[in-house]
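*Asks:* For reference, the structure I am asking about is given below.
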Amino acid sequence: MRFYVPTDIYVEKNCVKNHAKDLLAIGKRALVMTGRSSAAANGSLIDVTEVLKAGEIPFQIFNEVEENPSTDTVGKALQIARDFNADYVIGIGGGSAIDAAKAVALLLSNPDLHADELHKVPQNPLDHVPVVAVPTTCGTGSEVTPVAIITNRKINLKKSIPHVIFPTLALVDGKYLASAKKTLIVNTAVDALAHMVESILNVKSNTLNRMCPEYGLKLWGEYKDTLLSDSDVDESLYEKLMFTSTIAGMSIAQTSTAVPHGMSYDLTLHAGVPHGPAVGYFLAAYTEVCAKFVPQDVAKILSLLQLQNIGEFYEMLRHLIGTCTVTRQMRDNFAAAMKVNHSKLDLVPGSITAKDIDYIYEKSLVVE
Ligand code: NAP
Ligand code: ZN
């Protein structure tokens, strides 16, 4: 058994300022990557740039990372990083900004590679410049995972790049959630939930790596009623939500995500569904199918979430993210692609059949 997360992780209020020394020690010239507006609005960008200014580290900001970042955006940021001679990349934001930062870090060290080739890079280690991650959503856990999910719109492909890039430093502060709407908190918390469930319902799950998802699911179960309620999330919960998301990231860093994530990418690519709900729509049906193979694990997940049965799991997710409608043709195309997606199917802790896959799609998507 092995547990591996090489990232130096701090989870606490004001941790960017508290650990300024660590942030400054990583490089000499930084490319700071964010989305269009949220990092400026929630205080994370100013926290980081104040530290860089005080430490006399020159930096360049690239604030054009879109949701589900594309190879084109990565290529644009890379050119700026090269012109600036950046020797490290700081990703501030949701999974999109952090994943894009990882991709730029890889390309910076490999001048022969083009952004369009990111999905073809080898799995074996290439150099990459260090990445610092400052998350501002409570979902992806990208600050502690080796994964960067990039979309190549020219070939309609949303997928993780094969190369492993753990951030060197993760600075996790729940206060950045203050500017997030309830929908964003719910959507990204559902992503974190999926990471933990898929990490347990996974052939790579073992006693050692279960520490993370089991503890995280317990935390999730403690605040699920707040997520389900009509009221806003109280700021006293921000740190717990962020902490759970980081724990969920550490979970998939050991096992990787499984079938619901594999199914989600087409839904995002072809129907524009945000990542959290796109995964969440498939989560209960995947759990139900896995109950045939690992009933004790499913019972444990439900009990940690303080749910009585799988029906309540379906109901909870429906309440949180609603339903998703697609055409029959879309659903058939998605199912056909999933039936040959062995990178995800091989992770199922039992012999999943084509009929099971059809069942998951039937239960998870409404056909118009
Ligand atoms: P995101 O795409 O990074 O951001 C979604 C939206 O939330 C953006 O409009 C962003 O605005 C806004 N936002 C971010 N933080 C905010 C805050 N504190 N307050 C208000 N608005 C805020 O969302 P995400 O769900 O975190 O990331 C999704 C991406 O991560 C997907 O591409 C997914 O496939 C990937 N992912 C990666 C991993 C991994 O291990 N690497 C795991 C799961 C998913 P701005 O654009 O203005 O910043
Ligand atoms: Zn995810």
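The values are calculated or read from the model by the stated rules, or taken from the named source; none is laboratory data. Here the structure is a predicted model, which means the values were calculated and not measured. When we count neighbours, we look across all protein chains shown, and the Cβ atoms used for this are built from the backbone with ideal geometry, even at glycine. The protein model used for the area step is the full one, side chains on, heavy atoms only, and it has no ligands, DNA or RNA in it. Shrake-Rupley method; radii C 1.70, N 1.55, O 1.52, S 1.80 Å.
*Asks:* Modelled label-to-label distance, His270 and Thr353, 7 Å Cα→beta-carbon offset: nm?
*Replies:* Label-label distance for His270 and Thr353, simple model: 2.5 nm.
*Asks:* Using a Gaussian network model on the chain with a 10 Å cutoff between Cα atoms, which of Ala192, Ala20, Ala337 fluctuates the most?
*Replies:* Looking only at Ala192, Ala20, Ala337, the biggest GNM fluctuation is shown by Ala337.
*Asks:* What angle, in degrees between 0 and 90 and rounded to the nearest 10, separates the Cα long axis of helix 211-228 from the longest principal axis of the Cα atoms of the chain?
*Replies:* The answer is roughly 80 degrees.
*Asks:* Still on this structure, please answer the following. Which of the GluC sites (Glu not before Pro) found in segment 36-82 are loop residues per DSSP with 13 or fewer other Cβ atoms within 10 Å of their Cβ?
*Replies:* Glu56
*Asks:* Measuring from the lowest to the highest alpha carbon on each principal axis, how far does the chain reach, largest first, in angstroms?
*Replies:* Projected onto the principal axes, the Cα atoms of the chain cover 57, 44, 42 Å.
*Asks:* Excluding ligands, DNA and RNA, what is the solvent-accessible area per residue of the chain at a probe of 1.4 Å, expressed in Å²?
*Replies:* So the chain comes to 41 Å² accessible per residue, rounded to a whole number.
*Asks:* Starting from 0 in steps of 5 Å, tell me what percent of the Cα-Cα pairs of segment 8-175 lands in each bin.
*Replies:* 1, 10, 21, 24, 22, 13, 6, 2, 0
*Asks:* Once you have all Cα-Cα distances for segment 137-209, histogram them in 5 Å bins from zero and send the whole-percent values.
*Replies:* Result, from short to long distances: 3, 13, 15, 21, 23, 16, 7, 1, 0 percent.
*Asks:* Send over the per residue convex hull volume for segment 61-138, Cα only, as a whole number of Å³.
*Replies:* So the per-residue Cα hull volume is 92 Å³.
*Asks:* Give the Cα extents of segment 312-368 along the principal axes, in whole Å, largest first.
*Replies:* The principal-axis extents, from largest down, are 31, 28, 17 Å.
*Asks:* Looking at segment 182-367, I'd like the Rg to Rh ratio, where Rg is from alpha-carbon atoms and Rh is Kirkwood's inverse mean 1/r.
*Replies:* 0.94
*Asks:* Anything over 29 Å Cα to Cα? Flag those among Lys76/Lys240; Lys53/Lys76; Lys13/Lys182, in the order listed.
*Replies:* The answer is Lys76/Lys240.
*Asks:* Once you have the alpha carbon radius of gyration of segment 109-172, what is it after dividing by 2.2 N^0.38 Å, with N set to its residue count?
*Replies:* Normalised Rg, Cα atoms only: 1.19.
*Asks:* Three principal axis extents, largest first, for the C-alpha atoms of segment 134-268, in Å?
*Replies:* Here the spans come out as 41, 39, 29 Å, largest first.
*Asks:* At 7 Å along the Cα-to-beta-carbon direction for both Lys181 and Asn206, put a label point, then send me their distance in nm to one decimal.
*Replies:* Those two pseudo-labels are separated by 4.4 nm.
*Asks:* Relative to the longest principal axis of the chain, what angle (0 to 90°, nearest 10) does the C-alpha long axis of helix 182-200 take?
*Replies:* That works out to roughly 70 degrees.
*Asks:* Okay, moving on. Taking Lys363 as the anchor, which lysines have their alpha carbon closer than 20 Å to its alpha carbon, excluding any fewer than eight residues away along the same chain?
*Replies:* The qualifying lysines are Lys292, Lys339, Lys344, Lys355.
*Asks:* Would you kindly state how much longer the chain becomes between Asp234 and Val121 on full extension, computed as 0.36 nm times their sequence separation minus their alpha carbon distance, in nm to one decimal?
*Replies:* In short, 36.4 nm is gained.
*Asks:* Measuring from label point to label point, each 7 Å out along Cα→Cβ, what is the Asp332 to Val366 span in nm?
*Replies:* 2.2
*Asks:* Could you give the length gained on full extension between Ser37 and Ala25, defined as 0.36 nm per residue of separation minus the Cα-Cα distance, in nm?
*Replies:* Details: separation 12, 0.36 × 12 = 4.32 nm, distance 2.72 nm.
Gain in length upon complete extension: 1.6 nm.
*Asks:* Share of the chain's accessible area from carbon and sulfur, percent, 1.4 Å? Display every interim value, and only then the final one.
*Replies:* Values: 7530 of 15020 Å².
Here carbon and sulfur together make up 50 percent of the probe-accessible area.
*Asks:* Helix 354-364: angle to the longest alpha-carbon principal axis of the chain, degrees 0 to 90, nearest 10?
*Replies:* 80
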